[in-house]
There are 2 protein chains.
Amino acid sequence: MPSRARIPKHFDLALLFSALADRTRLRLLNLMQGREVCVCYFVEVLGQSQPKVSRHLAYLRRAGIVAARREGKWMHYRIVTPPNEGADNILRETLAALADDRLMQADLNRFRRACRAPQKLPALLAAPSPCACTC
Amino acid sequence: MPSRARIPKHFDLALLFSALADRTRLRLLNLMQGREVCVCYFVEVLGQSQPKVSRHLAYLRRAGIVAARREGKWMHYRIVTPPNEGADNILRETLAALADDRLMQADLNRFRRACRAPQKLPALLAAPSPCACTC
DNA sequence: TCAATACATCTGCTTACGCATATATAATTG
DNA sequence: CAATTATATATGCGTAAGCAGATGTATTGA
């Protein structure tokens, strides 16, 4: 990973908004609110294909909104704070708005259910402690 | 296909972000902060073609972010408040972030200069009181 | 080896742009 | 006053670029 020097004063807001301008990516971000989430859980909760989820996560990562951490076979994603204050505020308001959305709340319910009973979902059987989640 | 009985407060955040995910549109929005602006001023200040500016304004209008008012031959655009509280907060933070951007500040300087001396810009000679601006 | 994830590639769709033209209003002219 | 012209803005159209979806394959680690 190239030690990306921190973006100085200029932050491409249009790029940030491009990253946010997709319902799937908003759902991913919503699930990451306050916790780190494993890709396999995204796939399970959203019911989307793994490549699709992976590409959207890569998109968010390129936009500097999320970061990834490897743990063996699994990749865990989490939200990171943008270096730019304005972008940080926008992201914070966005996450707050998502929390008010019914569909997003439904996603969270499915996520919590999966966390509580991973043994019911074959794809999650081997995953490490479901996630570093607080569910 | 959830036939959800009522989602009155639902607002398509992805659509809002799509509208914001373009540098030209962000520049247009920035110029409209606190005032109504005539299309001819956008063209002059941004140095972009009139059809291009017009299209981006139409995009913002379809997204419910701006509204237009006709005054004779001229069209004035202004920012409107989204009906959704979350969207409103996001838009507010976005405008605040734009105000901190150097390029955006340069645009505003050019705009104020044009407002003070429209006689120097042929395209603005006949325009109605430059704009309902406070420059 | 297997399994989770990343990546390459193809197709279809959406969008932005430039160019030309259409529309709407105002001003001018006969 | 009707008709023409001029001006400001909007829109159709063709092209190019980029993203989404699907599928197959490569890489990585237990």
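Read-outs throughout are calculated quantities, based only on the coordinates presented, and are distinct from any laboratory measurement. Only a predicted model underlies this, so the values are computations on that prediction, with no experimental measurement involved. Every residue, glycine among them, receives a Cβ derived from its backbone with ideal geometry; neighbour counts consider all protein chains shown.
Some observations on this one:
Every residue, every condition in (1) surrounded by fewer than 20 Cβ atoms within 10 Å (Cβ to Cβ); (2) touching a Lys or Arg at 6+ places or on another chain (Cβ under 8 Å), yes or no:
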{"residue": "A:30", "(1), (2)": "no, no"}
{"residue": "A:56", "(1), (2)": "no, yes"}
{"residue": "A:62", "(1), (2)": "yes, no"}
{"residue": "A:70", "(1), (2)": "yes, no"}
{"residue": "A:75", "(1), (2)": "yes, yes"}
{"residue": "A:85", "(1), (2)": "yes, no"}
{"residue": "A:100", "(1), (2)": "yes, yes"}
{"residue": "A:103", "(1), (2)": "yes, yes"}
{"residue": "A:110", "(1), (2)": "yes, no"}
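- Close pairs from the stretch A:41-52: first away from chain B (no Cβ under 14 Å) and on the phi > 0 side of the Ramachandran plot, partner outside any helix (DSSP H, G or I) and within 9 Å of DNA strand C (Cβ to nearest atom), Cβ under 7 Å, at least 6 apart: none
Table: residues versus (1) assigned to a strand (DSSP E or B); (2) in contact (Cβ under 8 Å) with a residue 60 or more places away in the chain; (3) within 13 Å of chain A (Cβ to nearest Cβ).
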| position | (1), (2), (3) |
| --- | --- |
| B:69 | yes, no, no |
| B:77 | yes, no, no |
| B:89 | no, no, yes |
| B:92 | no, no, yes |
| B:113 | no, no, no |
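- Residue in the stretch B:19-33 that is away from chain A (no Cβ under 14 Å) and not β-branched (Val, Ile, Thr) present: yes
- So residue A:102, is it more than 16 Å from DNA strand D (Cβ to nearest atom) and out of contact with any helix residue (DSSP H, G or I) (no Cβ under 9 Å at 6 or more places or on another chain): yes
- The residues in the stretch B:20-65 that are more than 10 Å from DNA strand D (Cβ to nearest atom) and not in a helix (DSSP H, G or I) can be counted, and the count is 11.
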